[in-house]
Amino acid sequence: MSVYGLLHRKSAVEKISEFSDDNFDEQCKAPLLLLRQAAGIFIRTSEIVSTKFVVDFRSVPIPETNSLSFVLLANMCVAEGQEIIVRKAISKNTSPTVIAKLCAGIYNMFDNCVHSVDSIEESAKKKGNFLKKSLGKYVKLSRNLYGAMAYRYMGLHCFQIGNPGEAVAYLRRAVELINEEAVDNMGDDDLSNFCSKFEQEKHVIITTFDEYHDDNESIYHDRVPNDGDIELPEAKVLVHPEPYIPSEIVELEINQRESSFCLIQ
């Protein structure tokens, strides 16, 4: 079943890589459904592993013996599905506060993935060597990316409504978060597009912070709140797993007949 879920995700990633600006609404439906289905498959797999596999994970430290591995994959697929929703919202010039809440939802889901990776590694007593290194790096970078984006869009909202000092504070938090993890040494060519997206957003965040900061220093002179006064917006999650319902087993009727002809002599 785990391979079935991975194939769903692989197909979704391939379709996402082919996105174009034309007819985006129609293009996003198939990969979004595939990711939701993959999440449902992984959740069902997790339930099977946790209830029917009697094995000490510490003595057999492979991902397939730990139900948390499949919870990790399910959360990752749901987060990646919501990434499509964010991309759609941005393309439609949706309110910055709505985009910020959607990004905060992705941040929370990838944060759960980070904790799952840490728990799996700790259980295996091979921290940093058990799971593929690029997977742990990917979920951490994704968490920080969408947390920073949530702060950036809240900053944009504040600037639009005439609170430049608060906008600076939000962008300052975005810069701090986006700089926590470096994208180098990912060790996976399949993540090159993600790394490029991360660097592009990082550039936008740093440039926007510099612009807001300079404008506030030279023009507005608005008070900039402390970091402790700035929080992520309330998370909004629109993507949920599609429950996996196995196909019914169909009995085949086999009729045996005697024959003088046999292929094996």
Only helices at least 27 Å long along their axis, Cα-based, and averaging -1.0 or more on Kyte-Doolittle count here, so list those DSSP H runs from the chain. 29-52, 67-91, 96-124, 133-160, 192-215
Quick one: dipole size for the chain, taken about the Cα centre, charges +1 on Lys/Arg Cβ and -1 on Asp/Glu Cβ, in debye to the nearest 20. 660
What number does the stretch 1-45 give for Rg over Rh if you use C-alpha atoms and the Kirkwood radius? 1.06
Within the accessible area of the stretch 1-51, what % is carbon and sulfur when the probe is 1.4 Å and the other protein chains stay in place? 53
Taking N as the number of residues in the chain, what value does Rg over Cα atoms divided by 2.2 N^0.38 Å take? 1.27
List, in the order given, every pair from LYS15/LYS140; LYS137/LYS202; LYS132/LYS202; LYS15/LYS236 whose Cα-Cα distance in the structure shown is over 22 Å. LYS15/LYS140; LYS132/LYS202; LYS15/LYS236
Which residue, THR208, THR51, THR94, has the most motion in a Gaussian network model of the chain that connects Cα atoms within less than 10 Å? THR51
Compute the accessible area per residue over the chain, keeping the other protein chains in place, probe 1.4 Å, unit Å². 58
Could the peptides 34-42, 97-105 be put in order, highest first, of the mean number of other beta-carbon atoms found within 10 Å of their residues? 34-42, 97-105
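The values are calculated or read from the model by the stated rules, or taken from the named source; none is laboratory data. Given the structure is predicted, the values throughout are model-derived calculations rather than measurements. Heads up, the Cβs are rebuilt from the backbone with ideal geometry, glycines too, and the neighbour counts pull from every protein chain shown. Side chains included, ligands, DNA and RNA excluded: accessible areas come from the protein's heavy atoms. Shrake-Rupley method; radii C 1.70, N 1.55, O 1.52, S 1.80 Å.
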